[in-house]
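The values are calculated or read from the model by the stated rules, or taken from the named source; none is laboratory data. Since the model is a prediction, treat every value here as computed from it, not as a measurement. Neighbour counts are summed over all protein chains in view; Cβ atoms, including those assigned to glycine, are modelled from backbone coordinates with ideal geometry.
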Amino acid sequence: MEYLSIVFQEVYKILFLLVPVLVSVAMIVWLDRRVWAFVQKRQGPNVVGPFGLLQSLADALKYIFKEIIIPSSSNKVIFILAPIVTMTLALIAWAVIPFSATQVLADINVGILYLFAVSSLGVYGIIMGGWASNSKYPFLGAIRSAAQMVSYEVSIGVIIINVLLCVGSLNLNDIVIAQQNMWFVIPLFPMFVIFFISALAETNRPPFDLPEAEAELVAGYQTEYSGMMYAMFWLGEYANILLMCAMGAILFLGGWMSPIDVYPFTLVPSAIWLILKILLLFILFALVKAIVPRYRYDQLMRLGWKVFLPLSLIWVVLTASYLFYFNLLPVN
Amino acid sequence: MIAHAIFFYTFSIIAVVSAIMVTASKNTVHSVFFLILDFISISCLFIMIGAEFLGMIMLIVYVGAVAVLFLFVVMMLNVAQQKNQWFAGQQSSKHIPVGLIISTLIFVEVIIVIGGWKYKPEIFDINNSIAQTNISNTHSLGQILYTDYIHVFQISGMILLVAMVGAIVLTFRQRSGVKRQSYIKQISRERAEGVEVLEVQSNKGIKIDD
């Protein structure tokens, strides 16, 4: 019986985390389209509900009632598994995100490694979908995204090492608390810029959305998907984008801490601060989508391997020597 | 304790079954997917014995990078169409002795390690290092790797680097006729070298590039 009560408590907590995440994914799709439209002097979705807020729900309803088509020559098990993998991986990563010093589902020692591992597993949903479709365009999209995501993971990993040098712990709460005096975005600003651009590439957002470049590959790895399975790919993609924003907020923008530690700001719950920071980063993501034209594939690879990787490696050496010289290394 | 046992047996059964399926499945891409499943369940087992750093690194390095490249190669070479004919074909039977020798060697090694750990536990000194401190295992790994074993650690890094450079040198070849883009050239182009204004008389025309 005790086991059962523990299990129920945990399920409660998980639902309390997952339902808001899923709802905010739906809202964020609306926000994305809205920002995109405003940059181009359009209105965007504004018909369903106040300000068009319920547009995503209407879209979801439409997807539910559409037919799911499974190509006859596809590899059926993997074809069905692919969107499930994408969605699951995008959601399980939220377990370690701290919303305040105590509000975290799993406060594990290696939180940042867990986040990194889950985001690097994200490529499997795409590869599986592209391969199992047994069709040219999805396969090309999958191959492209495999190479792209592996390349940009490397620089994200090196950037994380930069932050970890200043923190001395892999725990996400420790990383947030280490930024009490100064957010890492100030001393590590070049790394923040590189992280942001790598996050764009890692989540296949424009200008790096080559895996689904509609001008060349129809819809890339999603070409053969329809109905709810397509919607799951789509939701997983946006949940991943939110996750990368949360990662950026925790690593560089002070996580759940208020920007100024004085009276009226400290009244605001810390979860609100984290959400505001995630939103700020997401609006930047949406603006980039509207402003920047798509990269060519060789330029993308050049940027990842020849620019970002050496830069972030040099910055690791710089950070380490600075911390060592001024005796600031976090030793416990 | 019961929950621990349930999780342990679940993960280990998945690991063993998927390891068998890696060799037994007919489609090569399926084999790689089973290999990934195997890696994931092994890293779950690592996390269960408290080696969370190892487990996560296993996920990042093997599943996140190595297996992706595996899949990449298997898909690109299109070996998925060639069926795995281990049990049916006669050609593959000449590899069986080599495989048997290697697997016997690995089996003997495992027996030695497990037997030693069972009957001479003082050799391994695991209990001391766990009991005396309560620092996280990332810290303890770092403290051992960067002090006592720094030379071994650096040498293994150098070996990996040399292997990488060697692989690049072996496969690199200069191809002629490839047009490369040079940003500096493009940006520093002047109007004078790109455009030329010519006087053309009517009804006469002009010859360019001779």
Those residues of the stretch A:34-58 which are in a helix (DSSP H, G or I) and surrounded by fewer than 18 Cβ atoms within 10 Å (Cβ to Cβ), in sequence order: A:W36, A:A37, A:F38, A:V39, A:P50, A:F51, A:L57, A:A58
First in the stretch A:212-223 and farther than 19 Å from A:I78 by Cα and modelled with pLDDT under 75, second anywhere and part of a loop (DSSP other than H, G, I, E, B) and hydrophobic (A, V, I, L, M, F, W, C), Cβ under 7 Å, 6 or more apart: A:E212/A:A219
Extreme residue, farthest from A:C166 (Cα to Cα), among residues of the stretch A:304-313 that are among the aliphatic types (A, V, I, L, M) and in contact (Cβ under 8 Å) with a residue 60 or more places away in the chain: A:L309
Sole residue being β-branched (V, I, T), out of contact with any Pro (no Cβ under 7 Å at 6 or more places or on another chain) and within 22 Å of A:V23 (Cα to Cα), chosen from A:I241, A:I197: A:I241
Counted residues, the stretch A:88-109 - those being in contact (Cβ under 8 Å) with a residue 12 or more places away in the chain, more than 14 Å from every other protein chain (Cβ to nearest Cβ) and either in contact with a strand residue (DSSP E or B) (Cβ under 8 Å, 6 or more places away or on another chain) or of a type outside the set (A, V, I, L, M) (or both): 5
Any chance B:S43 is in contact with a helix residue (DSSP H, G or I) (Cβ under 8 Å, 6 or more places away or on another chain) and either modelled with pLDDT of 75 or more or of a type in the set (D, E) (or both): yes
Count of residues meeting criterion [assigned to a loop (DSSP other than H, G, I, E, B) and either over 19 Å from B:F70 (Cα atoms) or not small (G, A, S) (or both)] in the stretch A:109-132: 2
Among the candidates A:V288, A:V292, A:V268, A:V316, residue that is free of Cβ contacts under 8 Å to residues at least 12 places away in the same chain and of a type in the set (A, V, I, L, M, F, W, C): A:V268
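Okay, residues lined up against (1) part of a helix (DSSP H, G or I); (2) out of contact with any helix residue (DSSP H, G or I) (no Cβ under 9 Å at 6 or more places or on another chain):
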residue: A:G255; (1), (2): no, no
residue: A:F265; (1), (2): yes, no
residue: A:W273; (1), (2): yes, no
residue: A:L279; (1), (2): yes, no
residue: A:F285; (1), (2): yes, no
residue: A:Y295; (1), (2): no, no
residue: A:Q299; (1), (2): yes, yes
residue: A:R302; (1), (2): yes, yes
residue: A:L313; (1), (2): yes, no
Subset of the stretch A:60-87 (residues that are within 23 Å of A:L31 (Cα to Cα) and free of Cβ contacts under 8 Å to residues at least 24 places away in the same chain): A:L61, A:K62
Pick from the stretch B:33-65, criterion more than 10 Å from chain A (Cβ to nearest Cβ) and among the β-branched types (V, I, T), ranking: surrounded by the fewest Cβ atoms within 10 Å (Cβ to Cβ): B:I49
Criterion violated by A:V317 - all others in (1) outside any helix (DSSP H, G or I); (2) surrounded by fewer than 17 Cβ atoms within 10 Å (Cβ to Cβ); (3) of a type outside the set (G, A, S) satisfied: (1)
Filtered residues of the stretch A:6-40 (kept if farther than 30 Å from A:K289 by Cα, more than 14 Å from chain B (Cβ to nearest Cβ) and free of Cβ contacts under 8 Å to residues at least 12 places away in the same chain): A:F8, A:Q9, A:V11, A:Y12, A:L15, A:F16
The stretch A:105-130, residues that are surrounded by 21 or more Cβ atoms within 10 Å (Cβ to Cβ) and of a type in the set (V, I, T): A:V110, A:I112, A:V118, A:V123, A:I126, A:I127
Residue within the stretch A:204-226 that is in a loop (DSSP other than H, G, I, E, B) and under 28 Å from A:F16 (Cβ atoms) present: no
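Residues that are assigned to a helix (DSSP H, G or I), out of contact with any Phe, Trp or Tyr (no Cβ under 9 Å at 6 or more places or on another chain) and within 14 Å of chain A (Cβ to nearest Cβ): does the stretch B:19-29 have at least one?
Scanning the stretch B:19-29, I find at least one residue that is assigned to a helix (DSSP H, G or I), out of contact with any Phe, Trp or Tyr (no Cβ under 9 Å at 6 or more places or on another chain) and within 14 Å of chain A (Cβ to nearest Cβ), so the answer is yes.
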Test: residue in the stretch A:210-230 that is over 25 Å from A:L329 (Cα atoms), small (G, A, S) and in contact with a Pro (Cβ under 9 Å, 6 or more places away or on another chain): yes
Answer residue from the stretch A:225-247, given it is over 15 Å from A:T88 (Cα atoms) and crowded, with 23+ Cβ neighbours inside 10 Å and is farthest from the chain's Cα centre (by Cα) among those: A:Y225
Candidates A:V118, A:V104, A:V154 - the one that is at pLDDT 85 or above and more than 24 Å from A:L311 (Cα to Cα): A:V118
Elements of type helices (runs of 4 or more DSSP H) in the stretch B:111-210, at least 1 residues being within 35 Å of the chain's Cα centre (by Cα) and modelled with pLDDT of 80 or more: B:137-145, B:150-171, B:183-187
Residues of the stretch A:110-156 that turn out to be in contact (Cβ under 8 Å) with a residue 60 or more places away in the chain and of a type in the set (D, E), as a count: 0
Flag if A:L164 is in a helix (DSSP H, G or I), within 13 Å of chain B (Cβ to nearest Cβ) and not charged (D, E, K, R): yes
A:M149, sole failed condition from (1) part of a helix (DSSP H, G or I); (2) closer than 22 Å to A:I108 by Cβ: (2)
